[in-house]
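A.B. asks: Before I ask anything, here is the structure I am working with.
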Amino acid sequence: MKTIQVIAPAKVNLFLGVGPKREDGFHRVDTVMHTLALHDRLTVTHLEVGDHVKLEERWSREQPIRQTELEVHPGDGLTVHTHCVWMDGIIPEDVPSEKNLATKAVYALAKKLGRAEDEYFRISIEKHIPSRAGMGGGSSDAAAALVAACYFWDVDINSEPVIETAHELGADVCFFLQGGCAVLTGKGEEVASHIKPRHDSVVVIRPDEGVSTKRAYDKFDEDPFYAQDDMIQQIAALESADQAPLFNNLEPAAQSLLDDLSEIHEWLENAEETKGTLMCGSGSAIFAICDSTSDATAVVGRARLKGWWARSTMFSPIGAAKIPDSAMRW
């Protein structure tokens, strides 16, 4: 039995250009994604036949620590169980283990590799990234679960089975395996290039409600407007994240579904400490760029007084990654 911890960073889209639908029913998407220092933390325990352990776990901030007894027997096959501990005032969501992308990631990679060993993965996700916010929390958790599985199974994270599995899990998962800043195309899952990341401070604000990605795209399709060809060419030629124009043509559609988005965007745009504001992905979080940590902290303080969920963070060059054993915390 061994336990490791893996970080799963959040992301923002500095540029999100949703194009026309393709023949396969997906939209063409040209985007610039950037990871943030804000991250979920996965604690992953791996057991093999003969292992028997009692774990102490907390399933929410409000609940007491509970003991869980685990044991693996011959013939059990692969078992994966994931639960979330919701932090930082994020409203908890009831996500069954079998529907969590982290669970699906381990099962999918095992199938891709043809593994038939008797083993158990226990995944506890400390959630700092809000859901339905356009920040890629679920996809990043899936990438982190792949990192953990690769560690325990001695598989190269850059090998073809892992990359294929990441593609099958979702458009953002491959990106999170590398992190930093990347230009993506196709349906938003093909990494065209990795570019020099930014290092600014960032404020993120999320209203109480989320935005369904499907509803945002459906609303967009009612009256679409696409990024101009010269903007797409500009994105394809980027060498540095700070050259990317802040653009998201899904934002008007999302704003029509959730009034708070317009209010938050305008409020952030008018704050004297910010120098660029944009919705994260398909929403509902809004981010703003600041020159310093003190500026970001000041904006967050005022946002919380208005009753909004708000966090300060920074752009980061890091993707999903195992935390060194010496730096693990409990």
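The values are calculated or read from the model by the stated rules, or taken from the named source; none is laboratory data. The shown structure was predicted, so the numbers you read here are calculated from the model rather than taken from an experiment. With ideal geometry, Cβ positions are generated from the backbone for all residues, glycine too; neighbour counts draw on all protein chains shown.
Residues checked against (1) under 25 Å from residue 292 (Cα atoms); (2) crowded, with 24+ Cβ neighbours inside 10 Å; (3) not aromatic (Phe, Trp, Tyr):
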residue	(1), (2), (3)
167	no, no, yes
170	no, no, yes
176	no, yes, no
183	no, no, yes
187	no, no, yes
193	no, no, yes
203	yes, yes, yes
206	yes, yes, yes
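A.B. asks: Out of the residues in the range 252-301 that are under 16 Å from residue 202 (Cβ atoms) and acidic (Asp, Glu), which is surrounded by the fewest Cβ atoms within 10 Å (Cβ to Cβ)?
C.D. replies: That would be 291.
A.B. asks: Take the conditions in contact (Cβ under 8 Å) with a residue 40 or more places away in the chain and either under 18 Å from residue 101 (Cβ atoms) or of a type in the set (Asp, Glu) (or both) and apply them to residue 212. Does it pass?
C.D. replies: Working: in contact (Cβ under 8 Å) with a residue 40 or more places away in the chain: yes; either under 18 Å from residue 101 (Cβ atoms) or of a type in the set (Asp, Glu) (or both): yes.
In short, yes.
A.B. asks: Additional query: Quick check on the range 144-161. Is at least one of its residues under 18 Å from residue 313 (Cβ atoms), small (Gly, Ala, Ser) and buried (at least 18 other Cβ atoms within 10 Å of the Cβ)?
C.D. replies: Taking every residue of the range 144-161 in turn, at least one turns out to be under 18 Å from residue 313 (Cβ atoms), small (Gly, Ala, Ser) and buried (at least 18 other Cβ atoms within 10 Å of the Cβ).
A.B. asks: Okay, moving on. Determine whether the range 15-26 contains at least one residue that is farther than 26 Å from residue 311 by Cβ, assigned to a strand (DSSP E or B), in contact with a His (Cβ under 6 Å, 6 or more places away or on another chain) and charged (D, E, K, R).
C.D. replies: Yes, some residue in the range 15-26 is farther than 26 Å from residue 311 by Cβ, assigned to a strand (DSSP E or B), in contact with a His (Cβ under 6 Å, 6 or more places away or on another chain) and charged (D, E, K, R).
A.B. asks: Could you grab the pairs with beta carbons closer than 7 Å, sequence gap of 6+ or different chains, first residue in the range 92-121 and more than 19 Å from residue 75 (Cα to Cα), second one outside any helix (DSSP H, G or I) and among the hydroxyl-bearing types (Ser, Thr, Tyr)?
C.D. replies: From the range 92-121, the pairs are 92/60; 93/131; 97/82; 100/82; 102/82; 103/82.
A.B. asks: I would also like to ask the following. Return the residues of the range 187-207 that are within 28 Å of residue 258 (Cβ to Cβ), out of contact with any His (no Cβ under 7 Å at 6 or more places or on another chain) and modelled with pLDDT of 90 or more; say none if nothing qualifies.
C.D. replies: 200, 201, 202, 203, 204, 205, 206, 207
A.B. asks: Read through the list (1) part of a loop (DSSP other than H, G, I, E, B); (2) under 21 Å from residue 321 (Cβ atoms); (3) modelled with pLDDT under 95, then give the number of the only condition that residue 210 fails.
C.D. replies: That leaves (2) as the condition not met.
A.B. asks: Which residues, counting only those in the range 97-107, are under 19 Å from residue 136 (Cα atoms) and not charged (D, E, K, R)?
C.D. replies: 97, 100, 101, 102, 103, 105, 106
A.B. asks: Could you tell me how many of the residues in the range 1-36 are β-branched (Val, Ile, Thr) and surrounded by fewer than 18 Cβ atoms within 10 Å (Cβ to Cβ)?
C.D. replies: So the count comes out to 1.
A.B. asks: If residue 118 meets every condition in (1) crowded, with 19+ Cβ neighbours inside 10 Å; (2) modelled with pLDDT of 95 or more apart from one, which number is that one?
C.D. replies: The failed condition is (1).
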